[in-house]
Amino acid sequence: MVWVRSVIFNVLFYMMFIAEMIIFTPIYFILPRKKAYFVPKFWARSNLWLMKVIVGTRVKIEGLENLPKGPFIFAPKHQNFWDTFAFLPHIEDPLYILKRELLWIPVFGWYVAKQRMIGIDRSARGKAMAEVMTRTLKEMKGGRQLIIYPEGTRRPPGAEPVYKYGIARLYRDLQMPVVPVVHQAGIFWPRRSILRQGGTIIARILPPIQPGMEEKEFFEHLVKTMEAASDQCLLDTVEANPHLILPDTVKKRLAELNAR
């Protein structure tokens, strides 16, 4: 039954995406930039609603009170496509630094450009990177929240973490609070799979790390804090959802944690 619901969800997910693009695109490009953000946020909410109705997946976000007012760096675990949209309704004016090639995609690229997302050439050095930082700082001083994934790319739940040092440089250069976020949504929405599992996704927004720490000290503190919280979130998620089909990475990590 779980596979049938997964197929139905995936079909409706893309159908709904196309329908919303057709309906909202004219409105999106007429409205001022910040007001137009209601369209991506509506899309995010509709995805979460569809998961709940079709698959039976609910979301419990803990720690919303830890989100500061004004600009900050939002740093969630990155396990799947879910975490690229699930938090959008809770962030006032999100900002992304993304591959510049995404700006070249018809329609999607236009959406991104309207929100003044910052495209980056990953091979860029020196002056180009300095310009990216200048643009990012300008946007954030206007009150925006930068969403950045500390591990850079998607990692399976329970897998050994691979944090990128870039988050420490952003912390140093931007001088903004960093809000770590952990979850285990990759169990419910595995990457490279059509499987979608019901249950309750637990996401935890941790207290912000304020500016002022040394770069290396911050990086070590971030990794230690996020991994401890991620392990606890994994234990709590599995306990709350005993029916889940667990990937091998989760089984291995659970064995390690239970052996302590």
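The values are calculated or read from the model by the stated rules, or taken from the named source; none is laboratory data. It should be emphasised that the depicted structure is a prediction, and the values quoted were computed from it without experimental measurement. Cβ coordinates were reconstructed from backbone atoms using ideal geometry, including for glycine residues, and neighbour counts include every protein chain displayed.
Figures for the structure shown
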{"quantity": "Selection from the stretch 235-260 of residues that are in a loop (DSSP other than H, G, I, E, B), over 24 Å from the mean Cα position of the chain (by Cα) and not aliphatic (A, V, I, L, M)", "calculated": "Pro242, His243, Arg260"}
{"quantity": "Selection from the stretch 46-74 of residues that are of a type in the set (Gly, Ala, Ser) and within 30 Å of Leu137 (Cβ to Cβ)", "calculated": "Gly63, Gly70"}
{"quantity": "Within the stretch 209-260, tally of residues that are of a type in the set (Gly, Ala, Ser) and either surrounded by 11 or more Cβ atoms within 10 Å (Cβ to Cβ) or in contact with a strand residue (DSSP E or B) (Cβ under 7 Å, 6 or more places away or on another chain) (or both)", "calculated": "4"}
{"quantity": "Conditions (1) in contact (Cβ under 8 Å) with a residue 40 or more places away in the chain; (2) surrounded by 16 or more Cβ atoms within 10 Å (Cβ to Cβ): number failed by Ile120", "calculated": "(1)"}
{"quantity": "Check on Glu160, exposed (fewer than 12 other Cβ atoms within 10 Å of the Cβ), in a loop (DSSP other than H, G, I, E, B) and either in contact (Cβ under 8 Å) with a residue 40 or more places away in the chain or not hydrophobic (A, V, I, L, M, F, W, C) (or both)", "calculated": "yes"}
{"quantity": "Residue within the stretch 56-79 that is closer than 26 Å to Pro208 by Cβ and aromatic (Phe, Trp, Tyr) present", "calculated": "yes"}
{"quantity": "Residue identified as touching a strand residue (DSSP E or B) at 6+ places or on another chain (Cβ under 7 Å) and of a type in the set (Lys, Arg) among Arg144, Arg169", "calculated": "Arg144"}
{"quantity": "Residue match in the stretch 45-58 (condition: within 17 Å of Ile202 (Cα to Cα) and aromatic (Phe, Trp, Tyr))", "calculated": "yes"}
{"quantity": "Tally of residues being part of a strand (DSSP E or B) and not aliphatic (A, V, I, L, M) across the stretch 168-222", "calculated": "5"}
{"quantity": "Unique match (being touching a Ser or Thr at 6+ places or on another chain (Cβ under 6 Å) and not acidic (Asp, Glu)) among Arg45, Arg33, Arg58, Arg100", "calculated": "Arg58"}
{"quantity": "Out of Val181, Val162, sole residue that is in contact with a strand residue (DSSP E or B) (Cβ under 7 Å, 6 or more places away or on another chain), within 30 Å of Gly212 (Cα to Cα) and at pLDDT 90 or above", "calculated": "Val181"}
{"quantity": "First in the stretch 17-32 and in contact (Cβ under 8 Å) with a residue 24 or more places away in the chain and surrounded by 12 or more Cβ atoms within 10 Å (Cβ to Cβ), second anywhere and assigned to a helix (DSSP H, G or I) and of a type in the set (A, V, I, L, M, F, W, C), Cβ under 7 Å, 6 or more apart", "calculated": "Glu20/Trp43; Tyr28/Ala36; Tyr28/Val39"}
{"quantity": "Answer residue from the stretch 187-208, given it is surrounded by 17 or more Cβ atoms within 10 Å (Cβ to Cβ) and within 12 Å of Trp82 (Cβ to Cβ) and is modelled with the lowest pLDDT among those", "calculated": "Pro190"}
{"quantity": "Counted residues, the stretch 70-97 - those being of a type in the set (D, E, K, R) and in contact with a Ser or Thr (Cβ under 8 Å, 6 or more places away or on another chain)", "calculated": "1"}
{"quantity": "Residue in the stretch 8-29 that is nearest to Glu139 (Cα to Cα), counting only those that are among the β-branched types (Val, Ile, Thr) and modelled with pLDDT of 95 or more", "calculated": "Val11"}
{"quantity": "Leu170 vs. criteria touching a Leu at 6+ places or on another chain (Cβ under 7 Å) and at pLDDT below 95", "calculated": "no"}
{"quantity": "Filtered residues of the stretch 43-82 (kept if of a type in the set (D, E, K, R) and either more than 24 Å from Leu170 (Cβ to Cβ) or modelled with pLDDT of 95 or more (or both))", "calculated": "Arg45, Lys52, Arg58, Lys60, Glu62, Glu65, Lys77"}
